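Only one structure is covered here, and it is reproduced in the block below.
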2 protein chains.
Amino acid sequence: MLRAAVAAALLATAAPAIAAPPGPARSMTQILDASPPGDWRALDPENTLYIQLPKGRVIIELGPRFAPNHVANIKRLVRQGYFDGLAVVRVQDDYVVQWADPDGKRSVGAAPRTLKAEFERGFDRDLPFTALPDPDTYAPRVGFTDGFPAARDPATGQAWLAHCYGMVGAGRDNGADSGGGTELYAVIGQAPRQLDRNVTLVGRVVQGIELLSAMPRGTGALGFYETPAERIPIVSMKLAADLTPVQRVDLEALRTETPSFAALLQNRRFRQDEWYKVPAGRIDVCNVPLPVRERRSK
Amino acid sequence: MLRAAVAAALLATAAPAIAAPPGPARSMTQILDASPPGDWRALDPENTLYIQLPKGRVIIELGPRFAPNHVANIKRLVRQGYFDGLAVVRVQDDYVVQWADPDGKRSVGAAPRTLKAEFERGFDRDLPFTALPDPDTYAPRVGFTDGFPAARDPATGQAWLAHCYGMVGAGRDNGADSGGGTELYAVIGQAPRQLDRNVTLVGRVVQGIELLSAMPRGTGALGFYETPAERIPIVSMKLAADLTPVQRVDLEALRTETPSFAALLQNRRFRQDEWYKVPAGRIDVCNVPLPVRERRSK
């Protein structure tokens, strides 16, 4: 209890303090192990992307509720084999890894190269939003929708995905409507939240982010690789739905509107293991773990 | 002007809006190029650490104002050659790179292995602090001291360094006073601000962070390498003051209490280049660039 008292005192000069959890501390592992099966949802194979890299596989969950047209177009491109044999062309430290067609010669077939921007969407009752009480630098409200970090503004009625570590977006040129999913990037550094509402986010890396984040940084401007030899091949990009069960790993994500997730949030705000001396009492939307694991029940 | 109006409207529901800069947009490069020489300070060779890795050199500026005893002890250890031949033992994705004595057999000579914690210090008039008006999730006040991201609490009169990307700290065990600088870590992911005031920060990587952040992630618990073969050698750690001028690169840092730095902050809050459509109007203390460059005037 001493720790909670200390935290409350330290927070007194800022926003209202968040109450510390009562009772004995549980670890994050204990919270997840105790969570009922219904607190988890299976990832939809139709919205799960597998990127095969030379060193392993990256898995991305797509977010069609925020970027329906971009997600549909990426799936179209994936199914045409558009991405197979393309490459990681840019790795900028503390920022993004980007993959694209380095030569700009790959056909997109009937898929559009550009789409109207999907930077934000209307916030309505159908959109789940687990709000964080913690203050945020960039947005009036932050929280989680379908397991994605998100933000919203009651004044405009708009909601959008937040640029946290591991989030995946569709690169664009200067025009707002100049992106379409033919170039993708993943965040590998401090959350570049200034990008929120400036570029269409399409999903989140749920497995294998370390294959992207540990890539050698490009030495050109903006972290672009300066020679073709430096580029890292995208061996293939496939939808989980198009793979056989043997090729697939069935993943499930903790639902962000459940008591288990609420317990996890409190656990991360008020770290009670022996190592911590002063629990923060707050958490940034981009510091919240969003657990994804192999499915236990099918 | 449209952009500023949009930003002001969007921020209306949160904390008070920060006024957009008047006049034509300047790029960050233009701001830095126009800065007078007096807005820069030479890094003190007595507080500049060079870490030689197999692939290149990492340079760290030490922060003796916040952690005088830890910094003094690290310098003592460096001068004894304590770190030469040690290794990076842990690379945890989106968190830290840590280097230490893997076998725990290296002598520290007369240097203490542990020191009293230096998690925070008294805030007084002698401590420069360029406060940010932007709201912060974790601390009542955030800003910059001597070019380091920092925080303070008017209620307690204490100030501390903030765990932003590139910050360097002294690892410890469960006891608050169990660290002493024999194990060091650098942040390579989303700012783990929950560590603030829980561990002694000793400095910041000012050059070569990409040599640390692109290291292969460890596959053991907490990102520890599982086999000795995976470890990456620390070839040597030296103070710039102990090198010949030829071995040294003279660096200078933008002073964080200058008009040039204030202009840079506004530039990053209100991105006015053509690419941005909705300027954030705010900035997180860990998203502020802290420019360091080779000295132009000696």
Can we say A:Glu226 is open to solvent by 30 Å² or more (accessible area, probe 1.4 Å) and under 21 Å from A:Lys55 (Cα atoms)? no
Can you find a residue in the stretch B:130-140 that is more than 10 Å from every other protein chain (Cβ to nearest Cβ), open to solvent by 10 Å² or more (accessible area, probe 1.4 Å) and of a type in the set (Ser, Thr, Tyr)? yes
Picked from the stretch B:280-290 (must be crowded, with 18+ Cβ neighbours inside 10 Å and either β-branched (Val, Ile, Thr) or within 15 Å of the chain's Cα centre (by Cα) (or both)), the residue farthest from A:Ala176 (Cα to Cα) is B:Leu290
Restricting to the stretch B:232-246, give me the number of residues that are open to solvent by 70 Å² or more (accessible area, probe 1.4 Å) and under 24 Å from the mean Cα position of the chain (by Cα). 3
Those residues of the stretch A:222-275 that are of a type in the set (Phe, Trp, Tyr) and without any contact (Cβ under 8 Å) to a residue 24 or more places away in the chain come to a total of 1
When you go through (1) away from every other protein chain (no Cβ under 11 Å); (2) more than 13 Å from the chain's Cα centre (by Cα); (3) open to solvent by less than 10 Å² (accessible area, probe 1.4 Å); (4) not hydrophobic (A, V, I, L, M, F, W, C) one by one for B:Asn198, which number turns out not to apply? (1)
Consider B:Pro192 carefully, then state whether it is within 12 Å of another protein chain (Cβ to nearest Cβ), touching a residue at least 40 places away in the same chain (Cβ under 8 Å), within 11 Å of the chain's Cα centre (by Cα) and under 27 Å from A:Gln194 (Cα atoms). no
Considering only residues that are open to solvent by 20 Å² or more (accessible area, probe 1.4 Å) and not in a strand (DSSP E or B), look in the stretch B:204-218 and name the one that is farthest from the other protein chains (Cβ to nearest Cβ). B:Leu211
Within the bounds of the stretch A:52-72, is there any residue that is open to solvent by 20 Å² or more (accessible area, probe 1.4 Å), more than 17 Å from the chain's Cα centre (by Cα) and at positive phi? no
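It is to be established whether one or more residues within the stretch B:168-175 are among the aliphatic types (A, V, I, L, M) and within 13 Å of chain A (Cβ to nearest Cβ).
No: zero hits.
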Filtering the stretch B:176-189 down to residues that are open to solvent by less than 10 Å² (accessible area, probe 1.4 Å), among the small types (Gly, Ala, Ser) and more than 9 Å from chain A (Cβ to nearest Cβ) yields B:Gly179, B:Gly180, B:Gly181, B:Ala186
Those residues of the stretch A:146-160 which are within 14 Å of chain B (Cβ to nearest Cβ) and not hydroxyl-bearing (Ser, Thr, Tyr) amount to A:Pro149, A:Ala151, A:Arg152, A:Asp153, A:Pro154, A:Ala155, A:Gly157, A:Gln158, A:Ala159, A:Trp160
Any chance the stretch A:265-279 includes a residue that's open to solvent by 10 Å² or more (accessible area, probe 1.4 Å) and more than 14 Å from chain B (Cβ to nearest Cβ)? no
I'm trying to understand the selection: among the residues of the stretch B:240-298, which are β-branched (Val, Ile, Thr) and under 28 Å from B:Asp196 (Cβ atoms)? B:Thr256, B:Thr258, B:Ile283, B:Val285, B:Val288, B:Val292
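The values are calculated or read from the model by the stated rules, or taken from the named source; none is laboratory data. Predicted model, so just to flag it, every value in this text is computed and none were measured. Please note: Cβ atoms are built from the backbone with ideal geometry, for glycine as well, and neighbour counts cover all protein chains shown. The area values use the complete protein model at the heavy-atom level, side chains included, leaving out ligands, DNA and RNA. Shrake-Rupley method; radii C 1.70, N 1.55, O 1.52, S 1.80 Å.
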